[in-house]
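Working notes for the structure below.
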Amino acid sequence: MTRAKFRSFKERALKDEKVRREYDALSEEFAFAEELIKARISANMTQEEVAKIMHTSKSNISRLENVDSLNWPNLNTLKKYAEAVGCELKIKLKPLKKAA
């Protein structure tokens, strides 16, 4: 599927309120997956190259870069991915804003 076709599909799908609610509920996961992909692309690496460094398969890297709550990666895997693409993994807790 081309990017244009995917954007068109996504636009149509998000018009459905139920789909939009589910999509919005996964916004953090989508943002994180996008960050992983951007880091790999910035490192000018393919999924195959990252997989080789991590001693795993391309399909595992593909799963890692996709939002799938059933296969959410553990911290060790995320650290290895970060190192493979020349990054450092940082996890932060951000205080919630208190209502005034």
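The values are calculated or read from the model by the stated rules, or taken from the named source; none is laboratory data. Because the structure is a prediction, the values reported are computed rather than measured. With ideal geometry, Cβ positions are generated from the backbone for all residues, glycine too; neighbour counts draw on all protein chains shown. Heads up: the accessible areas ignore ligands, DNA and RNA and are worked out on the full protein's heavy atoms, side chains in. Shrake-Rupley method; radii C 1.70, N 1.55, O 1.52, S 1.80 Å.
Some values worked out for this structure:
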{"item": "Cross-link reach list, aspartates and glutamates versus Lys90, counting only Cα pairs under 14 Å and skipping chain neighbours closer than eight places", "result": "Glu35"}
{"item": "Within a Gaussian network of the chain (alpha carbon springs, distance under 10 Å), most fluctuating of Glu17, Glu88, Glu28", "result": "Glu17"}
{"item": "Unit Cα scatterers, Debye sum, region 47-92: log10 I(q)/I(0) for q = 0.13, 0.15, 0.30, 0.33 Å⁻¹", "result": "-0.26, -0.35, -1.21, -1.29"}
{"item": "Average accessible surface area per residue within region 10-100, 1.4 Å rolling probe, Å²", "result": "82"}
{"item": "Near-label residues of region 28-47 by backbone N, under 16 Å of a point 7 Å along Cα→Cβ of Ser57", "result": "47"}
{"item": "Pairwise Cα inverse-distance average, inverted: Kirkwood Rh of region 1-84 (Å)", "result": "14.1"}
{"item": "Among Lys15, Lys58, Lys79, residue whose mean-square fluctuation peaks in a GNM of the chain (springs only between Cα atoms under 10 Å)", "result": "Lys15"}
{"item": "Helix-only [θ]222 nm of the chain, DSSP H runs n ≥ 4, -39500 (n - 2.57) each, per residue, nearest 500", "result": "-18000 deg cm²/dmol"}
{"item": "Those lysines that a straight Cα-Cα span of less than 22 Å connects to Lys10, excepting residues fewer than 8 apart in one chain", "result": "Lys18, Lys38"}
{"item": "From phi via Karplus (6.51, -1.76, 1.60), per-residue ³J(HN,Hα) for region 28-43 in Hz, x at Gly/Pro", "result": "5, 5, 5, 5, 5, 4, 5, 5, 4, 5, 4, 5, 5, 5, 4, 7"}
{"item": "Sulfur and carbon atoms: percent of accessible area, the chain [1.4 Å]", "result": "54"}
{"item": "Charge dipole (debye, nearest 20) of the chain; +1 at Cβ of Lys and Arg, -1 at Cβ of Asp and Glu", "result": "280"}
{"item": "Separation of the Cys87 and Glu35 label points, Cα + 7 Å toward Cβ, nm", "result": "0.7"}
{"item": "Gain upon complete extension [Asp16, Leu75; 0.36 nm per residue less C-alpha separation]", "result": "17.8 nm"}
{"item": "Between region 25-47 and region 58-95, the alpha-carbon center distance in angstrom", "result": "9"}
